Amino acid sequence: MKIKTALAALLTGLPATASWAQTLPALVNKEVPNLVETYKGLHTHPELSHHEQSTAALLAGELRKAGYTVTEHVGKYPDGSQAHGIVAILENGPGKRLLIRTDLDALPVIEETGLSYASQVKTKNASGQDVGVMHACGHDVHITTMIGTARALAALKKQWHGTIMLIGQPSEEVVDGASAMLADHLYERFGTPDLAVALHDTNTRAAGTVAVTSGAALAAVSSIDVTLRGVGSHGARPQESKDPVVMAGEFIVQLQTIVSRQEDPHDPTVVTIGSIHGGSKRNLIPDEVKLELTARAFSDKAMQIVIDGVKRTAQGVALAAGVPADRAPIIGFQESSPVTYNDPALTARVRASLVTALGAQNVFDEEPVTVSEDFGQFGLEGHKIPTVMFWLGAMNPAKFAAARQEGKLLPGLHNSRFQPDPEPTLRTGVTAMTSVALDLLRK
Ligand SMILES: [Zn+2]
Ligand SMILES: [Zn+2]
């Protein structure tokens with residue numbers, strides 16, 4: 001048994017027993033009631049991407065109180081506007097520099113959980129429409145977990161050495177927050193990390209458990225706008241038109257062959273048309289139809305096939321309809337982000353830390369998912385800095401088990417009924433992230 005343990009330690013690069021394993025649970029227990037209150041406050045007051053002012057200020061204040069050197073308003077968007085990014089540094093002698101990231105933003109969703117601390121916030125989105133605001137992706141869980149982790153690492157300074165670099169990243173939901181912080185010379189100003197870690201909550205696991213994927217973990221995303229332009233006319237005189245509504249119908253059907261006929265079945269891809277708008281009245285053939293697409297892929301090659309396919313299909317449909325050259329389709333690109341790649345060697349170390357902290361029965365292996373993230377951008381081009389994002393189970397264990405019995409999951413990310421169970425989720429999040437940091441920076 002002894003040999004086996006020593007061998008396991010050798011293989012994972014971990015000591016057979018971690019000295020903090022006894023002290024950490026008590027430390028976390030002490031923090032949890034306060035963290036639950038902080039979480040509920042954040043949940044009641046969500047802010048949309050690019051508008052995370054109060055959220056960022058709260059996090060900055062808490063990290064300062066925990067003893068970190070905090071810089072606010074880090075990040076510049078391409079239009080020159082300032083982002084609400086936060087960098088908090090805790091130096092503790094020579095050693096590795098570990099980046100830990102939380103995101104800050106919420107979603108334009110009207111909350112329907114019925115919780116006492118549910119968000120009632122209403123605002124206008126960038127297009128001026130009235131929208132609700134909700135932490136429907138659980139970034140409030142991530143922020144609160146970071147506060148707890150920051151406190152624990154400050155209290156356990158004797159157990160590690162190196163530098164902790166906490167990042168409060170704005171605007172994850174439109175995937176331009178990480179790039180805004182990097183464009184504002186994040187690493188030149190605050191040092192380049194050796195390793196980067198983040199977590200994301202999930203409805204696919206019960207609170208108390210975590211899950212890890214090695215390699216490509218979350219898909220790359222490209223957001224594509226397609227405007228099919230035709231020639232409008234009276235609905236009763238179609239011969240005078242080039243009908244973009246018919247073209248849109250053909251385009252939508254034809255687009256399905258990108259995934260089914262052009263992509264490698266071993267390299268999964270998704271193309272979804274989430275929005276289509278055209279026309280104003282039944283007897284008018286409109287001038288154009290606008291479509292909004294999202295594409296997901298796990299390789300650059302697969303994503304390029306989608307992008308080329310969308311362009312070619314739009315052009316081909318217009319050509320077949322006899323649309324004049326000056327009315328050719330317009331293809332525009334909105335937010336995009338590369339694959340979130342979990343460095344296999346770092347993933348193995350993180351997984352071992354999680355097993356030590358939570359027990360092997362509470363650490364699962366997860367398949368890659370087709371949702372996307374911009375956390376991977378902190379790893380720089382070509383995965384220069386090893387990064388890992390792991391999943392934090394967030395569902396009430398009893399409700400999760402009951403739903404599972406019926407072959408169902410509880411409402412998930414971006415759903416108006418997404419409802420993390422604060423106490424066990426935060427307890428596990430802080431324990432998990434603190435343990436990972438202590439292991440990666442251990443003395
Ligand atoms: Zn999200
Ligand atoms: Zn999210």
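So here's what we get for this one:
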| item | result |
| --- | --- |
| Dmax and Rg, reported as Rg then Dmax, of region 257-297 (C-alpha, Å) | 15.0, 46 |
| Rounded FRET efficiency, nearest 0.05, which uses the C-beta distance separating residue 81 from residue 158 and R0 of 41 Å | 0.45 |
| Ranked list, fewest to most other Cβ atoms within 10 Å of each Cβ, for 327, 205 | 327, 205 |
| Among the listed pairs 122/384; 30/399; 40/399; 65/399; 124/408; 40/158, those beyond 29 Å (Cα-Cα) | 122/384; 65/399; 124/408; 40/158 |
| Likely footprinting exposure, 146, 303, 134, fewest C-beta neighbours within 10 Å first | 303, 134, 146 |
| D_trans [Stokes-Einstein, Kirkwood Rh over alpha-carbon pairs] for region 120-267, 4 °C, 1.567 mPa s, µm² s⁻¹ | 61 |
| Angstrom value of the Kirkwood radius, inverse mean 1/r, which spans all Cα pairs in region 88-133 | 14.2 |
| Histogram of C-alpha separations across the chain, 10 Å bin width, % | 4, 19, 28, 24, 14, 7, 3, 1, 0 |
| Global form of region 343-420, assessed from the alpha-carbon gyration tensor, a/c cut-off 1.5 | oblate |
| Reachable aspartates and glutamates, given that their alpha-carbon falls under 19 Å from the alpha-carbon of residue 242 and they are not under 8 places away in the same chain | 250, 287, 288, 326 |
| Per residue, the convex hull volume that the Cα atoms of region 287-443 enclose (Å³) | 178 |
| Cα pair count fraction exceeding 19 Å, expressed as % - region 28-141 | 54 |
| Of all DSSP beta bridges in the chain, antiparallel share, percent nearest 5 | 70 |
| Least to most buried among 408, 399, 40 (fewest other Cβ within 10 Å first) | 408, 399, 40 |
| Mean shadow area of region 227-339, taken as a quarter of the surface of its Cα convex hull (nm²) | 7.3 |
| Gap separating the Cα centres of region 234-282 and region 371-410, nearest whole Å | 33 |
| Using a Förster distance of 45 Å, the FRET efficiency for residue 30-residue 262 (Cβ separation, nearest 0.05) | 0.20 |
| Most fluctuating residue given options 57, 180, 150, as computed from a GNM of the chain linking Cα atoms under 10 Å | 57 |
| The chain - charge dipole about Cα centre, Lys and Arg +1 at Cβ, Asp and Glu -1, debye rounded to 20 | 1140 |
| Highest to lowest packing among 353-364, 272-283, scored as the average C-beta count within 10 Å | 353-364, 272-283 |
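A short reminder: the numbers here are calculations on the coordinates, not readings from a lab. Keep in mind the model is a prediction, meaning the values are calculated, not measured. Neighbour counts are summed over all protein chains in view; Cβ atoms, including those assigned to glycine, are modelled from backbone coordinates with ideal geometry.
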